[in-house]
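Everything below concerns the one structure shown next.
Please treat every number below as a calculation from the coordinates, not as lab data. Note that the structure is predicted; figures quoted are calculated from it, not measured. Neighbour counts are summed over all protein chains in view; Cβ atoms, including those assigned to glycine, are modelled from backbone coordinates with ideal geometry.
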Amino acid sequence: MNWLLLCVLLISVVEILSVSRENFKTCDQSGFCKRHRAMQPGSSPYVVLMDSIKIFESSTVELQILNTKNNVRLLLQVSALKDNTARVKINELDPIKKRYEIPVGDALVGEPKLQNMKVLERTDGSITLGFEDNKILITSKPFRIDFINNDEAVVSINTQGLLKFEHYRKKETPPAQEETADGQESDTNNEEQQEGGDEAGEENKEETPQEEEESGMWEETFKNFHDSKPFGPSSVGMDVSFPGFEHVYGIPQHADSFALKTTKSTDPYRLFNLDVFEYELYNPMALYGSIPVMMAHNEKRTVGIFWHNAAETWIDISSNTADKNFLSKMADLVNGGSNEIPQTDTHWMSESGVIDIFIMLGPSAHDVYYQYAQLTGTTNLPPLFGISYHQCRWNYNDQEDVKNVDANFDLYDIPYDVIWLDIEHTDGKRYFTWDGEKFPNSEEMINNVAAKGRKMVTIVDPHLKRDDNFAVYKEAKDLDHMVKNKDGNEYDGWCWPGSSSWPDFTNPEVRRWWATKFLLDNYKGSTPALFTWNDMNEPSVFNGPEITFHKDVIHMDGFENRDMHNLYGQYVLQATSEGLLLRSENKERPFVLSRAFFAGSQRYGAIWTGDNMGEWGHLKISLPMLLSINLAGVTFSGADVGGFFKNPDAELLTRWYQAGAFQPFFRAHAHIDTKRREPYIQPEENMKIIRQAIIARYSYLPLWYTLFYEGETKGIAPMRPLWVEYPADKNTFTMDDEYLLGTSLLVKPITEQGQTGTQVYFPGQNELWYDVETFKLYNGGQSVYVDAPLSKIPVFQRGGSIVPRKLRIRRSSSLMVHDPFTLIVCLDKKESAKGNLYVDDYHSFNYRRGEYLHREFTFDQNEFRSQSVDVHGNISTKEWIEKIIVVGLNKEPSKAVLNVKGKEPQILQWEYSSYDKELIIRKPGVNIATDFSIQLS
Amino acid sequence: MKYSIVFVILSLSSCLATVPRPRGVSISMASYYQPGAKFRCLDGTKEYPFEYVNDDYCDCPDGSDEPGTSACQNGKFHCTNAGYRPTNILSSRVNDGICDCCDGTDEWDGNIECVNNCKELGKKMREEADRVRLLQEAGYQKKLQNIKEGKQMREEKKVELEELQKSKVDLEASKDEMEARKNEAETPEKEAKEKHEQAWNELVELKKAEKEKLRAEIAFAELDTNGDSKIDVSEIKVHSMFDVDSNGEVSDEEALEHLEEALEADLEHFTLKVWPNIKDVYKAPGTESKGDNQDDVEENKASSSDIPEVEGYDDDDDYIDDDDDDDIDDEDDGYMDEEVKEDTGNNEEEDKMPDYDDETKSLIAIADEARQQFTEADNNLRDTENKIRDLESYLGNDYGPEDEYSILKDNCYEYTDREYTYKLCAYSRATQRPKNGGSETTLGNWGRWDGPSDDKYAAQRYENGQGCWNGPNRSVKVHFKCGTENRVTSASEPSRCEYAFDFETPSRCTAPPNRSSDDIHDEL
């Protein structure tokens, strides 16, 4: 078949051009992954000792689990949490060394709130707990837990028996003699023979030594990197099944489809923060960030799990059918009989730490977003400039360059908010310093940019040049703040500045120290209009294994990087974010962009998808990648517009701007080896289209801002897959080339070369969708081919929604803060619509003291109303409403009367087009804070 | 309510301006905005009550109803800027908190206080205009000189070219003649030399054969241990050197093979048939197992099969062939003869070839003379051809519409920044050299004029410089600006490996503007 051949050719071409795979481990090359993956289902040695039960505060049940193969005991804790969430934690009952647990407040925003749970039933072999609508069924032999909602199992743990908990142990020395000593001197073996049953004892004799013998438990070598593994094997793993679910999502970051694939014929999905040069598309390799969060969705419900572990983690996914007998027996699930229930099995494997799973029981996707937000926090409302357009390049060379770029944007009338400086702005890659020749007067430069309401960002990476004349390094060294190598000396690795060391950001004291570096007195040449970009914080170590830290690097309290590798980058981000807070005495919202991230990073800043390429495939993959990252709570996220590596042609760049304009974080960036590609350099046609795309972004900022406010309060991501809003529509379950912004906009960017149209799926049987430019109407529940010449971004507004926009586009977003709104009212089939708007000062934390407005707009029965939906908020603003466009109004009104409380009714002018069914109400002129209505008759 | 505020401000501004007109309207457009009458959008599409003008709501598709507000995305606001230059700014810059007009009229909503600095700007502008005019005047005078020199140079080069083209014809004839003479003299020279050398070679061969025969006789005597003047199988078998398969003994077959299938060999058979095959392995009896120096040498030779023993001799032949080559002059011949001497002297004890006889020597002298004359004629022609090529290249280059840039040709200009010294050799190449030492990098070689299509001579491109890792070949765009001296004023690398130089030169200066056409103030 020709296409097959083509595919093979394409794949081989891709491989030539991209990542050096051999730099990164496969599961086979990662000792613990290989051990876990080799396990066979259905032979779990773990049993729950039912007599060991303890109940705490009527919300937590504790039980011991015995590994019948080696008699090691584990402690199982099952808790019910507020908001339909449960927690299952498994640790060693009596470890010889404390196992690493992520401190509360680091990934988790705080101690999760418990709620009462009842023991519904106890037998010799099981115990049934109950909270809210849920039952938790713990079965003893073999150990498993089923989460049952309204008599349907929705999440099951260890049904395949893949639980494997490698307890800390003493190294048998010398290992070579172990064979002769087998069964006689080994303490564990003796115990087994005494306590284990006869048959089990026989088994143990054979199996235990085998387990001990496995290579890679006490040291590993990858390429020429040696991992000393002084504490030996420590991994944990378990399977989690989703009965009734065919699709699972999440566990970013991977350059792969949104709906996760089964991993039968590939490596498992890997979570291990890495700096991957020119990453490949559509595979499960690890990238810069890791969020061990997964959602499962079917027509009836959405559930999620959060694997609270920051060590290297691999996740296998397979399709299965549910074990009906077990479920029907335990949960009375005998309704159809012959219908097979689909099931997705997942197998989670982490190199260290404990098993700590949060089970978020939904039942809706909105609920799961909320439940996860209760655990790890929400994205703080960004300052308005953060969600505006960012202009970046490695590098804007000097002050003159910055001035010219800034001036050219104005000359070509293209708005932008932030201009960025990459590593070359520093004095020899010493962060917090300036290249004195190129940036002799950085404050003046920043002030000139800020004079137009704009901001600047400089890069501050976590690696510190080992140079005693570099004050930040010297101080960190003298304060003993650095990460240590296995021998206890300052870790020395290679990065941009050459020989470098890394502060131990896992230590709160180090984070506090780092934060002070952002004070204006410490960061010379900075101003309050300067914000920060943390790159290379996986961390990237050019001469380290897999381009990162050695795993035996030592952090605070003697824990190894192995224990919390995936958290390091987030700690850098957190410390930087706290630095910006410190600088403004907690008055101004910080803005920090990070490349590495973990669960909880949303609390500190934005992230981007790292070093992508200027290729169509990378534009296309930005959608599923961002959907996954957004699903996992990091909602302030984007991809480099244009692609970091390579030179995109004008068409690709144009389409990328169009896509980026409707993604949460909107920044153009380019590698130092690429040609200049600022919008104003493009051919005139492309320049104009790019300008229109950026203008579109600015016009929708009120919507974005409102969505981010909703995100802060409810945890819901502005950028959502269709199924979140249309949960029963199976067509949408694997859709990742179009998405929703909030509930009102449907976006389907063009991501193919030469395309001048695209098939758009309009969700919702009874919905109406309107093209946002032409107000052309499309019926929901169908797929329609939509023309999309180069100038067109296929974006549609849902009938029934009201979207606030600002159509007076200025040079930057802060120059638009007093400008009036235009409200776009798209009517549904009942000629009604609803929407809301959030307003504050767009930059400070005063909104947390009630200085904001949250307005609701409705249109129903020919009446438009604007009212406050939040009595706690109040702020005076100059913003007013200049225009209301009502689309889908079948009958032209004969009169439009504005009613404001305490004022005489006022007659308004309008224009009506019966062809477009579009009514434009001229200049209500009412301040946005004012309640009013407009009666059409 | 809002109307009234707008109206008050509107009437205030009307009082200030000499012609009453709505805010943001220039005098020339004032007549389209007549209070009392209906306002027709300037594109003629729609008509509105005059109150709709500047009411902060955009009605006209062309934005003309809102000349003084930010309501229309496509509108323009006119700043009078008395004392400076009037400008139209985008409506989006009205009341955005930034003073865009020097008279501050764009920020009328009171959010920001703008200082009217039109007078200062006007002064600066006029000073700048004066400076530019002076510069242009000075530069332009030099440009005229450059044009003159450039044209003169072109004329001179043309004349020179014509002359050279003429003389080229003569030189070609001369060369042909000298070549014929040379060939004529070389034929008898070659014959004489060959004859002499052939005689010598024959003599050498003869000597060699005799020597070999002698060696064979000695060997025969050594092998013929029983002294019967015949060598038989048994006499061969006792010598391990004939143990071809190295199995420790010399078998009958091996012995027979050495004797070339004869049961016994007399001296003649031995010399002719046996000796040529064994001479390489042959060692005098009694020395074969000891491994002294001689052995080592012999073994080495036997093992390294690609170095034949008589290599030196073959080389001699080559040298002799070379002698026949016309292009080799006498000096070379002499040198090679010496080498031959050395070689043969080392490897074989042979005498050197005797000198040529007197007759041959005189033939050689005649041929040498002819060769020298030919070489001279050939060189003269080549020199001229090179000069012609240079002149044609010069005349083929584009030095601007009036040859004003030819002054730059063959000159180099340097510019040094913090890290590098940049050098531009006009019409040749551009380079970069690190200040702290290190090698020079070619940034580009002369390519073409590269200004915009309507101003081609604004810039030059130097291209195909050294390649960049992961990037294009380096290139430089040189931007020309008017100045009184020829010099590079800046060098930068806006994109990786794409450099930009600024170059000041009088040749870029234009005729200074006529003072009377100074249109700085179009209204007050």
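Observations
- The order of the peptides A:575-581, B:37-43 by mean Cβ neighbours within 10 Å, most packed first, is A:575-581, B:37-43.
- If R0 is taken as 35 Å, the Cβ-Cβ distance between residue A:895 and residue B:29 corresponds to a FRET efficiency of 0.45.
- Cβ-Cβ distance of residue B:43 and residue A:909, R₀ of 22 Å, FRET efficiency by 1/(1 + (r/R0)^6): the value works out to about 0.60.
- Put simply, the amide H of residue A:922, placed in the peptide plane, has neighbours under 5 Å in A:909, A:910, A:911, leaving out anything fewer than 5 places away on its chain.
- For residue B:473, residues with placed amide H under 5 Å, excluding near neighbours: B:468
- The Kirkwood radius of segment B:63-160, taken over pairs of alpha-carbon atoms, gives through the Stokes-Einstein law at 4 °C and 1.567 mPa s a diffusion coefficient of 77 µm² s⁻¹.
- Pairs exceeding a 27 Å alpha-carbon distance, out of A:474/A:675; A:403/A:688; A:54/A:82; B:208/B:237: A:474/A:675; B:208/B:237.
- Peptide-level mean, for B:51-63, of C-beta atoms on other protein chains within 10 Å: 2
- Relative packing of peptides B:219-227, A:421-429 - highest average C-beta neighbours within 10 Å first: A:421-429, B:219-227
- Of B:148/B:456; B:119/B:456; A:891/B:46, pairs whose Cα-Cα distance is over 26 Å: B:119/B:456
- Helix A:684-699 and the longest principal axis of the C-alpha atoms of chain A enclose an angle of approximately 80°.
- At R0 = 41 Å, FRET efficiency that the Cβ-Cβ distance of residue A:542 and residue A:755 yields, to 0.05: 0.55
- Average other protein chain Cβ within 10 Å of Cβ, residues A:673-684: 2
- The modelled label-to-label distance between residue A:499 and residue A:475, using points 7 Å beyond Cα along the C-beta direction, is 2.3 nm.
- Peptide A:807-819, shielding by other chains (average Cβ, 10 Å cutoff): 5
- Contact order normalised by residue count of segment A:659-721, Cα under 8 Å, 6+ apart, percent: 33
- Nearest-ten-degree value, helix A:399-411 long axis tilted from longest Cα axis of chain A: 50
- Three-way shape call for segment A:746-837 based on the alpha-carbon gyration tensor, with the a/c threshold at 1.5: oblate
- Calculated from backbone phi, Karplus (6.51, -1.76, 1.60) coupling profile of segment B:389-406 in Hz, x at Gly/Pro: 4, 4, 5, 4, 4, 4, 5, x, 6, 9, 9, x, x, 10, 6, 6, 9, 5
- Under 5 Å from the amide H of residue A:155 lie the amide H atoms of A:147, each residue being 5 or more positions distant or on a separate chain, with H modelled from the backbone and absent for Pro and chain starts.
- Simple Cβ-charge dipole of the protein assembly as shown, Lys/Arg +1 and Asp/Glu -1, about Cα centre, in debye nearest 20: 16600
- Kirkwood Rh, angstrom, the protein assembly as shown [1 / mean 1/r, Cα pairs]: 39.8
- Burial ranking of peptide ranges A:251-259, A:126-134 (average Cβ count within 10 Å, highest at the top): A:251-259, A:126-134
- Set A:34/A:620; A:223/A:551; A:261/A:551 screened for pairs whose C-alpha atoms are more than 22 Å apart: A:34/A:620; A:261/A:551
- For segment A:876-937, trypsin sites (Lys or Arg not before Pro) meeting the loop criterion (DSSP other than H, G, I, E, B) and having at most 13 other Cβ atoms within 10 Å: A:878, A:891, A:895, A:901, A:903.
- Chain A: angle of helix A:568-583 to the longest principal axis, Cα-based, in degrees nearest 10: 40
- Backbone N under 15 Å from the residue A:82 label point (7 Å along Cα→Cβ), restricted to segment A:369-403: A:370-378
- About its Cα centre, segment B:369-432 has a charge dipole of approximately 260 debye under the convention of +1 per Lys or Arg Cβ and -1 per Asp or Glu Cβ, with nothing else charged.
- Derived scalar couplings ³J(HN,Hα) [segment A:930-937; Karplus, 6.51 cos²θ - 1.76 cosθ + 1.60; whole Hz; x for Gly, Pro]: 8, 6, 7, 9, 10, 9, 9, 8
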